[in-house]
Amino acid sequence: MSKGSASALCLAPAALLALGVQPATAAKKKPADLGKLKTATASATTTNDGQAVSVTATCPDKTKAVGGGFDAPIATDMGALSSFHTVTESRRASGNSWRVNATRFDANPVGPALVVTAEVYCRSGAGKIAERSDTDSALDPTSYFTAVAACPLGRALVGGGFQYSAGPQEVPLLMSQNRPSGTVAWVASGVGLAPGSQTLSAHAYCRKGPGAVRLRTGTAALPTTDTAVASAVTAPCPGKLQPFAGGYRSPGLGGSSALAVHTESRRAGKSWRTSAINISDPDPGQLSSFALCS
């Protein structure tokens, strides 16, 4: 080999780098492994009108809670709605658990036993999850509450939830939305049905680091009878992404006068399922479901 040929070979890698071409031997950096989905559940049984329950589902060891959901079924008697729950809280209780609070309402003195279930969705490589919250409060009856919790710049929304509280006398609140707003904020809205001190808070769970977050949606028509349950299921999460969090939206006081009681908001395979009844039948309305895929 001539001296000129040897020099050319030595300069070749430098020339390729100058042109932005990486040598074939350069290894690409693999994305961080955020961990597989793991689900844990907990449940409590209600039997009486006005009974309140608190259920907390806890993640397995060495995993963190990213999102969660609930199931709070209804009961019918002689073709009429006889028992239902209003869910007043669905959010992280700690870094590795999810809490659901619900209150039961009965049309009859004695109703069937119903099971309220909390679900938590966990992963081992979730990284540090920061929480942001926002609160709205009012004293007037038929007040419409809205709280929006936004993630700070540079962090992606990976989950969210809400909490409702009343004064000394428990005041019913019907949630109209508990959902992601894009991939940057979480929105919670509800309608208070009686006077009294009431507070609604939205909670956003935000992550800094690798991993894409995608939003998927789905819709369904609310029924025009309070004994029928409508379910809206989102499109499946793409590829290897999973629905670690999700939520819902239904009519509030504006537009359609339908009033929904949400009976379910949780994972359904690679989708998110939201279920509700319409207690303001025969007014129509639309139920929407949202999934945050990560």
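Laid out as a table, the results:
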quantity	calculated
Cα gyration tensor, the stretch 200-294 - rounded (a/c under 1.5), prolate or oblate	prolate
Computed E for SER137/THR227 - FRET, C-beta separation, R0 30 angstrom, nearest 0.05	0.35
Highest average packing first - 227-238, 149-160, 115-126, Cβ atoms within 10 Å	115-126, 149-160, 227-238
Label-point separation, VAL110 to LYS128 (7 Å along Cα→Cβ), nm	5.7
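Coordinate-derived values only; no laboratory data. Owing to the predicted nature of the structure, the values given are computational and were not obtained by experimental measurement. As a convention, Cβ positions derive from the backbone with ideal geometry for all residues, glycine included, and neighbour counts pool all protein chains shown.
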